[in-house]
Amino acid sequence: MKTHVRTPRSPFPGPILTAILALVGFLASPAAADTTAELAPYDGFLVTHVTITGFDITKEYVIRREIRIQPGDTFRAQAVAADLTRLENLGIFSSQRVAAVAADSTVALTYTVREMPWIVPFPIVSYTEQDGFSFGAGVASLNMFGRAIIAGGSGTLGGVDTFSLAFVYPWITGNHFSIAAVLSDLTRDDSLNDFREHSREITPWFGRWIGDTGRVAATLSWFQMNADRDSVTISPGRRDDYVRFGIQLGIDTRDTWRNPKRGWNNQLMFMWYDATVMGGSGSWPLYQLDLRRYQPFAGRKNCVLIGGLLTYQDGVAGGEIPDYLQYRMGGANSVRGYDIETLGRELVGRNQLIVTIEYQRELVPLREFHVFKWAISAGLEAAAFFDMGGAWNTASEFNDDHTRRGGGAGLRFLFPGVYELRTDVAIGEGGDVYFHLGVGDKFSAQRERLR
């Protein structure tokens, strides 16, 4: 019998993360070899049984629909590796294993999973370079009703006062028909636009897959902005209300969602903002192209990520498009090596283009850790990067004068839920050195309004 663990894949070498994890009592589990290499001798055998063990909360059908190799199939090690990746992508297991028992050109498979806690209360320490630190608490379920549903609520006070609810049902029926919704209430001092913001949002996305790699989704949402002074909102009364209709198409060929090393993750989005439906002023279209390529380099521990984000809004800044919906460069989530409070006032526009090249080196592969009776997966990477970005309003401003460049290096702490915590040291064209702290992957964070 041979057994393979999808994560971890190698011994635990990272002294920095070792010290951090030791502070909270994490105990690492042993490593294992590559799935395909270990199970390749069974290629061509007849699969007789497929058994699943180790789950308690998760519905069995949620696991089985990710396992495509079935009794009566011809065994292929690559197919089993793909099954384990799909189980990992569910985001509810700290590890997933497969054991193979072979006899007389047949093989029986046993998939064993270890569930992460299905509901967790947690403290919140959030940070953006524009708003500083915020502190709060929340509660979330990553596996509500045992169906891999994500649901949670949280609140913070400090740089940003927020209350939010989130709900994600990733596979309701059909080919991954899904719903992802967020409700939020946010209050903060917008120093770049010089007003006190109070915004609200309700945004549901309804999506489905096209085959294995195609994605399509649509939304009908509401966004409200309240200001504490005149001349901020487009509509009278210091308040803008927008109905937003959006559709997005995408392709996702990543080898894994948690920490990809190969593949594409591309998305084209159209969003229509309309305040006239709510009795206000202003309507315009937004177009966005998000391209990301993960390219393995010099072995499985290394990856080069090349990403580009282009956002174009067809309207007049300060006319149809309010200033608070323009894009500002600088900080951890756009062009690193600059202070967003400084560059954000100089380089601003209704359109943006950001290009990033990042080399990532795996220091501690994603692996399983135990905290009391809980199990989670975590890891650590080093990164070196180059950013180039600009913002503009008119075609004549789309030039080098409205573009900045920066580069540097940092660490990526890989955790469940937030995916990664980024610590970067970067230098811009002026030679100033900045320390940046970011939550979540940079390529997703740079799409957000708040940076």
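The values are calculated or read from the model by the stated rules, or taken from the named source; none is laboratory data. Everything numeric here is computed off the predicted structure, so don't read it as measured data. No Cβ is skipped: glycine too gets one built from the backbone with ideal geometry, and neighbour counts run over all protein chains shown. Note: areas computed on protein heavy atoms with side chains; ligands, DNA, RNA excluded. Shrake-Rupley method; radii C 1.70, N 1.55, O 1.52, S 1.80 Å.
Observations, loosely collected:
- Enumeration of residues in the stretch 48-67 that are surrounded by 13 or more Cβ atoms within 10 Å (Cβ to Cβ) and either among the basic types (K, R) or in contact with a Cys (Cβ under 6 Å, 6 or more places away or on another chain) (or both): K59, R64
- Restricting attention to the stretch 148-197 and to residues that are among the charged types (D, E, K, R) and surrounded by 17 or more Cβ atoms within 10 Å (Cβ to Cβ), the residue that is farthest from T233 (Cα to Cα) turns out to be R188.
- Within the stretch 100-139, tally of residues that are open to solvent by 20 Å² or more (accessible area, probe 1.4 Å), modelled with pLDDT of 90 or more and closer than 28 Å to R451 by Cβ: 4
- Condition check for F297: in contact (Cβ under 8 Å) with a residue 40 or more places away in the chain and buried (at least 16 other Cβ atoms within 10 Å of the Cβ): no
- Flag for R367 being open to solvent by 10 Å² or more (accessible area, probe 1.4 Å), in contact (Cβ under 8 Å) with a residue 60 or more places away in the chain and of a type in the set (K, R): no
- The number of residues in the stretch 300-322 being open to solvent by less than 40 Å² (accessible area, probe 1.4 Å) and more than 16 Å from the chain's Cα centre (by Cα) comes to 10.
- Lone qualifier among H436, H402 - being surrounded by 14 or more Cβ atoms within 10 Å (Cβ to Cβ) and within 20 Å of the chain's Cα centre (by Cα): H436
- Among the residues making up the stretch 272-287, those that are crowded, with 18+ Cβ neighbours inside 10 Å and within 14 Å of F245 (Cα to Cα) are Y273, A275, W284, L286.
- Strands (runs of 3 or more DSSP E) wholly inside the stretch 89-147 containing at least 3 residues that are more than 20 Å from the chain's Cα centre (by Cα) and of a type in the set (V, I, T): 106-115
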